[in-house]
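These notes concern the structure reproduced below.
The values are calculated or read from the model by the stated rules, or taken from the named source; none is laboratory data. What you see is a predicted model, and the numbers here were worked out from it, not measured in a lab. Glycine gets a Cβ as well: all are built from the backbone with ideal geometry, and neighbour counts include every protein chain shown. In case anyone asks, the SASA skips ligands and DNA or RNA and just uses the protein heavy atoms, side chains included. Shrake-Rupley method; radii C 1.70, N 1.55, O 1.52, S 1.80 Å.
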Amino acid sequence: MRSLIDILELDVNEIKELIEKANDIIANPAKYSEKCRGKKLATLFFEPSTRTRLSFEAAMYELGGNVLGFSEAQSSSAAKGESIADTAKTTSCYADIIAMRHPKEGAPLVAAMNASIPVINAGDGGHNHPTQTLTDLLTIQREKGRLDNLTVGFCGDLKFGRTVHSLINALSRYENIKFVLVSPEELKLPSYVKETLKKNNLEYVQTTDLDSVMPELDILYMTRVQRERFFNEEDYLRLKDSYILRPERLNTAKADLSIMHPLPRVNEISVEIDNDPRACYFKQVLNGKYIRMALILKLLEVE
Ligand code: NCD
(Lines give C-alpha, C1' and ligand atoms only; values in the text may rest on other atoms or scores of the structure.)
Protein backbone atom coordinates (compact mmCIF):
# COMPACT_ATOMS: atom_id res chain seq x y z
CA MET A 1 0.00 0.00 0.00
CA ARG A 2 1.35 3.40 -0.98
CA SER A 3 0.62 6.95 0.07
CA LEU A 4 1.70 10.20 -1.60
CA ILE A 5 3.22 12.69 0.82
CA ASP A 6 6.08 14.14 -1.23
CA ILE A 7 6.21 14.38 -5.02
CA LEU A 8 9.67 12.76 -5.04
CA GLU A 9 8.09 9.49 -3.89
CA LEU A 10 6.99 9.11 -7.51
CA ASP A 11 9.80 8.45 -9.96
CA VAL A 12 9.79 10.15 -13.37
CA ASN A 13 8.47 7.02 -15.03
CA GLU A 14 5.50 6.86 -12.67
CA ILE A 15 4.81 10.54 -13.33
CA LYS A 16 4.89 9.81 -17.06
CA GLU A 17 2.39 6.98 -16.55
CA LEU A 18 0.08 9.20 -14.48
CA ILE A 19 0.17 11.87 -17.20
CA GLU A 20 -0.60 9.26 -19.86
CA LYS A 21 -3.46 7.91 -17.75
CA ALA A 22 -4.88 11.42 -17.23
CA ASN A 23 -4.71 12.06 -20.97
CA ASP A 24 -6.52 8.77 -21.60
CA ILE A 25 -9.22 9.72 -19.07
CA ILE A 26 -9.64 13.07 -20.86
CA ALA A 27 -10.02 11.24 -24.19
CA ASN A 28 -12.24 8.38 -22.93
CA PRO A 29 -14.04 9.40 -19.74
CA ALA A 30 -16.76 6.73 -20.06
CA LYS A 31 -14.15 3.98 -19.76
CA TYR A 32 -13.41 5.11 -16.21
CA SER A 33 -16.88 5.95 -14.90
CA GLU A 34 -17.31 2.73 -12.87
CA LYS A 35 -13.71 2.02 -11.90
CA CYS A 36 -14.12 2.98 -8.23
CA ARG A 37 -17.67 1.72 -7.71
CA GLY A 38 -18.06 0.88 -4.00
CA LYS A 39 -14.90 2.73 -2.96
CA LYS A 40 -14.84 5.71 -0.63
CA LEU A 41 -12.55 8.73 -0.51
CA ALA A 42 -12.31 10.65 2.79
CA THR A 43 -11.42 14.32 2.44
CA LEU A 44 -9.97 15.52 5.76
CA PHE A 45 -9.46 19.25 5.29
CA PHE A 46 -8.19 21.13 8.32
CA GLU A 47 -7.50 24.24 6.20
CA PRO A 48 -9.56 26.21 3.66
CA SER A 49 -9.72 24.93 0.09
CA THR A 50 -11.93 25.29 -2.95
CA ARG A 51 -10.11 23.62 -5.83
CA THR A 52 -8.18 20.88 -4.15
CA ARG A 53 -11.07 19.48 -2.13
CA LEU A 54 -13.70 19.83 -4.85
CA SER A 55 -11.25 18.45 -7.37
CA PHE A 56 -10.63 15.32 -5.27
CA GLU A 57 -14.36 14.91 -4.70
CA ALA A 58 -15.23 15.42 -8.38
CA ALA A 59 -12.45 12.98 -9.32
CA MET A 60 -13.86 10.26 -7.04
CA TYR A 61 -17.44 10.82 -8.26
CA GLU A 62 -16.31 10.63 -11.90
CA LEU A 63 -14.73 7.27 -11.09
CA GLY A 64 -18.08 6.06 -9.74
CA GLY A 65 -16.94 6.19 -6.10
CA ASN A 66 -18.25 7.99 -3.03
CA VAL A 67 -16.90 10.73 -0.82
CA LEU A 68 -17.12 11.54 2.89
CA GLY A 69 -15.26 14.01 5.05
CA PHE A 70 -15.08 17.47 6.53
CA SER A 71 -13.88 20.81 5.27
CA GLU A 72 -12.90 22.61 8.45
CA ALA A 73 -11.01 21.61 11.57
CA GLN A 74 -13.70 23.10 13.82
CA SER A 75 -16.27 20.54 12.66
CA SER A 76 -13.97 17.56 13.33
CA SER A 77 -12.84 15.97 16.59
CA ALA A 78 -9.57 17.86 16.24
CA ALA A 79 -11.55 20.65 17.94
CA LYS A 80 -11.88 18.29 20.95
CA GLY A 81 -8.15 17.59 20.97
CA GLU A 82 -7.97 14.37 18.92
CA SER A 83 -4.53 13.58 17.47
CA ILE A 84 -3.81 13.21 13.76
CA ALA A 85 -2.83 9.59 14.42
CA ASP A 86 -6.20 8.75 15.96
CA THR A 87 -8.11 10.60 13.23
CA ALA A 88 -6.17 8.56 10.64
CA LYS A 89 -6.88 5.24 12.40
CA THR A 90 -10.56 6.11 12.72
CA THR A 91 -10.91 7.19 9.10
CA SER A 92 -9.29 3.93 7.99
CA CYS A 93 -12.39 2.13 9.35
CA TYR A 94 -14.72 4.14 7.08
CA ALA A 95 -12.91 4.81 3.82
CA ASP A 96 -10.52 3.31 1.24
CA ILE A 97 -8.29 6.34 0.71
CA ILE A 98 -7.68 9.69 2.42
CA ALA A 99 -6.87 13.15 1.04
CA MET A 100 -5.64 15.36 3.88
CA ARG A 101 -4.86 19.08 4.06
CA HIS A 102 -3.42 20.47 7.26
CA PRO A 103 -1.80 23.74 8.39
CA LYS A 104 1.01 21.84 10.11
CA GLU A 105 3.96 20.66 8.03
CA GLY A 106 4.22 16.88 8.27
CA ALA A 107 0.66 16.19 9.46
CA PRO A 108 -0.24 14.05 6.38
CA LEU A 109 2.96 12.05 6.93
CA VAL A 110 1.88 11.30 10.51
CA ALA A 111 -1.52 10.29 9.14
CA ALA A 112 0.11 7.96 6.58
CA MET A 113 2.17 6.31 9.33
CA ASN A 114 -0.99 5.54 11.29
CA ALA A 115 -3.60 4.83 8.62
CA SER A 116 -4.18 1.40 7.14
CA ILE A 117 -5.27 2.98 3.83
CA PRO A 118 -3.37 5.26 1.39
CA VAL A 119 -3.03 8.92 2.41
CA ILE A 120 -2.58 11.74 -0.10
CA ASN A 121 -1.04 15.00 1.05
CA ALA A 122 -3.40 17.72 -0.19
CA GLY A 123 -1.15 20.48 1.17
CA ASP A 124 0.75 20.65 4.48
CA GLY A 125 1.45 24.14 5.78
CA GLY A 126 4.10 26.00 3.80
CA HIS A 127 5.80 22.71 2.92
CA ASN A 128 4.51 20.56 0.05
CA HIS A 129 1.56 20.08 -2.28
CA PRO A 130 2.28 17.06 -4.50
CA THR A 131 -1.10 16.80 -6.25
CA GLN A 132 -0.93 20.45 -7.33
CA THR A 133 2.46 19.53 -8.78
CA LEU A 134 0.96 16.62 -10.72
CA THR A 135 -1.64 19.09 -11.99
CA ASP A 136 1.10 21.51 -13.01
CA LEU A 137 3.17 18.80 -14.73
CA LEU A 138 0.14 17.59 -16.71
CA THR A 139 -0.53 21.20 -17.72
CA ILE A 140 3.07 21.80 -18.80
CA GLN A 141 3.11 18.54 -20.76
CA ARG A 142 -0.17 19.43 -22.52
CA GLU A 143 0.80 23.04 -23.21
CA LYS A 144 4.44 22.57 -24.14
CA GLY A 145 4.54 18.93 -25.24
CA ARG A 146 7.51 18.28 -22.94
CA LEU A 147 8.79 18.49 -19.37
CA ASP A 148 12.42 19.24 -20.29
CA ASN A 149 14.30 22.09 -22.01
CA LEU A 150 12.28 24.86 -20.40
CA THR A 151 12.98 28.15 -18.66
CA VAL A 152 10.54 28.35 -15.79
CA GLY A 153 9.95 31.54 -13.82
CA PHE A 154 8.45 31.34 -10.33
CA CYS A 155 7.14 34.67 -9.10
CA GLY A 156 5.69 35.86 -5.78
CA ASP A 157 5.82 34.11 -2.43
CA LEU A 158 8.53 31.51 -2.93
CA LYS A 159 9.10 31.21 0.81
CA PHE A 160 5.70 29.99 1.94
CA GLY A 161 4.31 28.80 -1.41
CA ARG A 162 4.14 25.03 -1.02
CA THR A 163 3.14 24.52 -4.66
CA VAL A 164 6.42 26.17 -5.68
CA HIS A 165 8.48 23.91 -3.43
CA SER A 166 6.92 20.73 -4.79
CA LEU A 167 7.08 21.83 -8.43
CA ILE A 168 10.76 22.82 -8.16
CA ASN A 169 11.57 19.44 -6.63
CA ALA A 170 9.66 17.67 -9.39
CA LEU A 171 11.23 19.67 -12.24
CA SER A 172 14.72 19.18 -10.85
CA ARG A 173 14.69 15.69 -12.36
CA TYR A 174 14.18 16.71 -16.00
CA GLU A 175 16.90 17.69 -18.49
CA ASN A 176 17.86 21.30 -19.08
CA ILE A 177 15.38 23.16 -16.90
CA LYS A 178 16.46 26.68 -16.06
CA PHE A 179 14.88 28.06 -12.87
CA VAL A 180 14.23 31.80 -12.57
CA LEU A 181 13.22 32.73 -9.02
CA VAL A 182 11.50 36.12 -8.73
CA SER A 183 10.49 37.34 -5.28
CA PRO A 184 10.97 40.12 -2.76
CA GLU A 185 14.03 39.58 -0.53
CA GLU A 186 11.82 38.51 2.39
CA LEU A 187 10.00 35.86 0.38
CA LYS A 188 12.93 34.08 -1.26
CA LEU A 189 12.95 30.33 -1.77
CA PRO A 190 13.86 28.56 1.52
CA SER A 191 17.36 27.15 1.64
CA TYR A 192 16.15 23.57 2.03
CA VAL A 193 14.50 23.79 -1.40
CA LYS A 194 17.44 25.65 -2.91
CA GLU A 195 19.61 22.75 -1.76
CA THR A 196 17.85 20.55 -4.32
CA LEU A 197 18.95 22.93 -7.07
CA LYS A 198 22.50 23.17 -5.79
CA LYS A 199 22.90 19.47 -5.11
CA ASN A 200 21.85 18.62 -8.65
CA ASN A 201 23.95 21.40 -10.20
CA LEU A 202 20.88 23.00 -11.74
CA GLU A 203 20.95 26.39 -13.33
CA TYR A 204 19.03 29.04 -11.40
CA VAL A 205 18.90 32.80 -11.02
CA GLN A 206 17.36 34.78 -8.18
CA THR A 207 16.05 38.27 -8.78
CA THR A 208 13.53 40.80 -7.51
CA ASP A 209 12.87 42.12 -11.03
CA LEU A 210 10.22 40.30 -13.05
CA ASP A 211 10.42 42.59 -16.10
CA SER A 212 14.11 41.97 -16.69
CA VAL A 213 13.63 38.20 -16.99
CA MET A 214 10.27 38.14 -18.77
CA PRO A 215 11.67 37.72 -22.33
CA GLU A 216 13.46 34.46 -21.42
CA LEU A 217 10.54 32.61 -19.89
CA ASP A 218 8.69 29.64 -21.39
CA ILE A 219 6.54 29.36 -18.27
CA LEU A 220 5.63 31.98 -15.71
CA TYR A 221 4.28 30.43 -12.50
CA MET A 222 2.65 33.24 -10.51
CA THR A 223 1.74 32.78 -6.84
CA ARG A 224 -0.29 34.50 -4.15
CA VAL A 225 1.45 35.98 -1.12
CA GLN A 226 0.46 33.45 1.56
CA ARG A 227 -1.21 35.69 4.12
CA GLU A 228 -2.06 32.85 6.55
CA ARG A 229 1.63 31.97 7.01
CA PHE A 230 2.75 35.47 8.06
CA PHE A 231 3.52 36.29 11.65
CA ASN A 232 2.24 39.83 11.35
CA GLU A 233 -0.29 41.55 9.15
CA GLU A 234 1.95 44.58 8.55
CA ASP A 235 4.51 42.50 6.67
CA TYR A 236 1.77 40.93 4.61
CA LEU A 237 0.31 44.32 3.68
CA ARG A 238 3.73 45.60 2.69
CA LEU A 239 4.52 42.61 0.49
CA LYS A 240 1.17 41.53 -0.92
CA ASP A 241 1.30 43.63 -4.07
CA SER A 242 4.98 43.08 -4.87
CA TYR A 243 4.12 41.72 -8.31
CA ILE A 244 0.99 42.35 -10.29
CA LEU A 245 0.90 40.89 -13.77
CA ARG A 246 -0.81 43.40 -16.05
CA PRO A 247 -1.14 43.10 -19.85
CA GLU A 248 1.60 45.66 -20.60
CA ARG A 249 4.08 43.59 -18.60
CA LEU A 250 3.66 40.84 -21.19
CA ASN A 251 4.84 43.06 -24.06
CA THR A 252 8.32 41.56 -23.91
CA ALA A 253 7.15 37.99 -23.20
CA LYS A 254 7.40 35.09 -25.63
CA ALA A 255 4.37 34.56 -27.86
CA ASP A 256 4.05 31.02 -26.53
CA LEU A 257 4.62 31.80 -22.86
CA SER A 258 2.39 29.71 -20.54
CA ILE A 259 1.09 31.72 -17.59
CA MET A 260 0.28 29.41 -14.69
CA HIS A 261 -1.07 29.96 -11.18
CA PRO A 262 -2.23 27.31 -8.68
CA LEU A 263 -5.10 29.67 -7.65
CA PRO A 264 -6.68 31.21 -5.64
CA ARG A 265 -5.67 34.51 -7.23
CA VAL A 266 -5.90 37.59 -5.07
CA ASN A 267 -4.72 40.36 -7.37
CA GLU A 268 -1.35 39.18 -8.64
CA ILE A 269 -2.76 38.56 -12.13
CA SER A 270 -5.05 41.21 -13.55
CA VAL A 271 -8.34 39.76 -14.83
CA GLU A 272 -7.69 41.27 -18.28
CA ILE A 273 -5.07 38.56 -18.75
CA ASP A 274 -7.69 35.80 -18.41
CA ASN A 275 -8.56 36.19 -22.08
CA ASP A 276 -4.95 36.09 -23.25
CA PRO A 277 -4.34 32.74 -24.98
CA ARG A 278 -1.20 32.38 -22.85
CA ALA A 279 -3.24 32.19 -19.62
CA CYS A 280 -3.40 28.56 -18.46
CA TYR A 281 -4.65 28.79 -14.88
CA PHE A 282 -8.22 27.72 -15.50
CA LYS A 283 -6.99 24.86 -17.69
CA GLN A 284 -4.86 23.85 -14.70
CA VAL A 285 -8.01 23.56 -12.59
CA LEU A 286 -9.56 21.11 -15.04
CA ASN A 287 -6.33 19.15 -15.46
CA GLY A 288 -6.21 18.81 -11.66
CA LYS A 289 -9.34 16.71 -11.62
CA TYR A 290 -8.07 14.30 -14.28
CA ILE A 291 -4.65 13.76 -12.76
CA ARG A 292 -6.26 13.16 -9.34
CA MET A 293 -8.45 10.52 -10.98
CA ALA A 294 -5.29 8.88 -12.32
CA LEU A 295 -3.64 9.08 -8.89
CA ILE A 296 -6.62 7.58 -7.04
CA LEU A 297 -6.65 4.67 -9.52
CA LYS A 298 -2.93 4.13 -8.97
CA LEU A 299 -3.00 4.23 -5.18
CA LEU A 300 -6.11 2.03 -4.98
CA GLU A 301 -4.40 -0.33 -7.44
CA VAL A 302 -7.44 -0.34 -9.72
CA GLU A 303 -6.66 -1.64 -13.21
C1 NCD B 1 -2.57 26.47 -3.36
C2 NCD B 1 -2.36 25.92 -1.96
O3 NCD B 1 -3.33 25.59 -1.28
O4 NCD B 1 -1.20 25.83 -1.60
N5 NCD B 1 -3.89 26.34 -3.78
C6 NCD B 1 -4.27 25.17 -4.39
O7 NCD B 1 -4.27 24.13 -3.79
N8 NCD B 1 -4.54 25.22 -5.69
C9 NCD B 1 -2.03 27.82 -3.56
C10 NCD B 1 -2.46 28.92 -2.65
O11 NCD B 1 -3.26 28.72 -1.74
O12 NCD B 1 -1.98 30.04 -2.87
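Within the stretch 106-138, the set of residues being within 12 Å of the ligand (Cβ to nearest atom) and polar (S, T, N, Q) comprises ASN121, ASN128, THR131, GLN132, THR133, THR135. Which residues, taken from the stretch 200-221, are touching a helix residue (DSSP H, G or I) at 6+ places or on another chain (Cβ under 9 Å) and open to solvent by less than 40 Å² (accessible area, probe 1.4 Å)? Hits for the stretch 200-221 are LEU202, THR207, LEU210, MET214, ASP218, ILE219, LEU220, TYR221.
Restricting to the stretch 222-255, count the residues that are open to solvent by 90 Å² or more (accessible area, probe 1.4 Å) and either in contact (Cβ under 8 Å) with a residue 40 or more places away in the chain or more than 21 Å from the chain's Cα centre (by Cα) (or both). Final tally of qualifying residues: 9. Name the residue that is farthest from the ligand (Cβ to nearest atom), counting only residues in the stretch 26-52 that are surrounded by fewer than 21 Cβ atoms within 10 Å (Cβ to Cβ) and under 21 Å from the mean Cα position of the chain (by Cα). That would be ILE26.
Residues in the stretch 108-126 that are crowded, with 23+ Cβ neighbours inside 10 Å and either within 21 Å of PRO190 (Cβ to Cβ) or not assigned by TED's automatic domain parsing to the domain that holds THR43 (or both): PRO108, ASN121, ALA122, GLY123, ASP124.
For the stretch 5-36, a tally of residues being closer than 21 Å to GLU62 by Cα and touching a strand residue (DSSP E or B) at 6+ places or on another chain (Cβ under 9 Å) returns 1. Residue count for the stretch 196-221 under the criterion of being more than 16 Å from the ligand (Cβ to nearest atom) and under 20 Å from the mean Cα position of the chain (by Cα): the result is 4.
The rows are residues; the columns are (1) assigned by TED's automatic domain parsing to the domain that holds ILE19; (2) within 30 Å of ALA30 (Cα to Cα); (3) aliphatic (A, V, I, L, M).
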{"position": "PHE70", "(1), (2), (3)": "yes, yes, no"}
{"position": "SER83", "(1), (2), (3)": "yes, no, no"}
{"position": "LEU138", "(1), (2), (3)": "no, yes, yes"}
{"position": "LEU150", "(1), (2), (3)": "no, no, yes"}
{"position": "CYS155", "(1), (2), (3)": "no, no, no"}
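Where strands (runs of 3 or more DSSP E) sit wholly within the stretch 156-257, those with at least 3 residues that are within 23 Å of LEU138 (Cβ to Cβ) occupy 177-182, 219-222.
Summed over the stretch 179-194, the residues that are more than 20 Å from the chain's Cα centre (by Cα) and among the charged types (D, E, K, R) give a count of 2. What about GLU57, is it touching a helix residue (DSSP H, G or I) at 6+ places or on another chain (Cβ under 9 Å), free of Cβ contacts under 8 Å to residues at least 24 places away in the same chain and assigned by TED's automatic domain parsing to the domain that holds LYS21? In short, no.
The set of residues from the stretch 118-155 being outside any strand (DSSP E or B) and in contact with a Pro (Cβ under 6 Å, 6 or more places away or on another chain) comprises GLY125, GLN132.
With respect to being in contact with a helix residue (DSSP H, G or I) (Cβ under 9 Å, 6 or more places away or on another chain) and in contact (Cβ under 8 Å) with a residue 24 or more places away in the chain, ILE273 fits the description. Close Cβ contacts (under 8 Å, 6 or more residues apart or on different chains) running from residues in the stretch 140-152 that are at pLDDT 95 or above to residues that are open to solvent by 40 Å² or more (accessible area, probe 1.4 Å) and polar (S, T, N, Q) comprise ARG142/ASN23; LEU147/GLN141; ASP148/ASN176; ASN149/ASN176; LEU150/ASN176.
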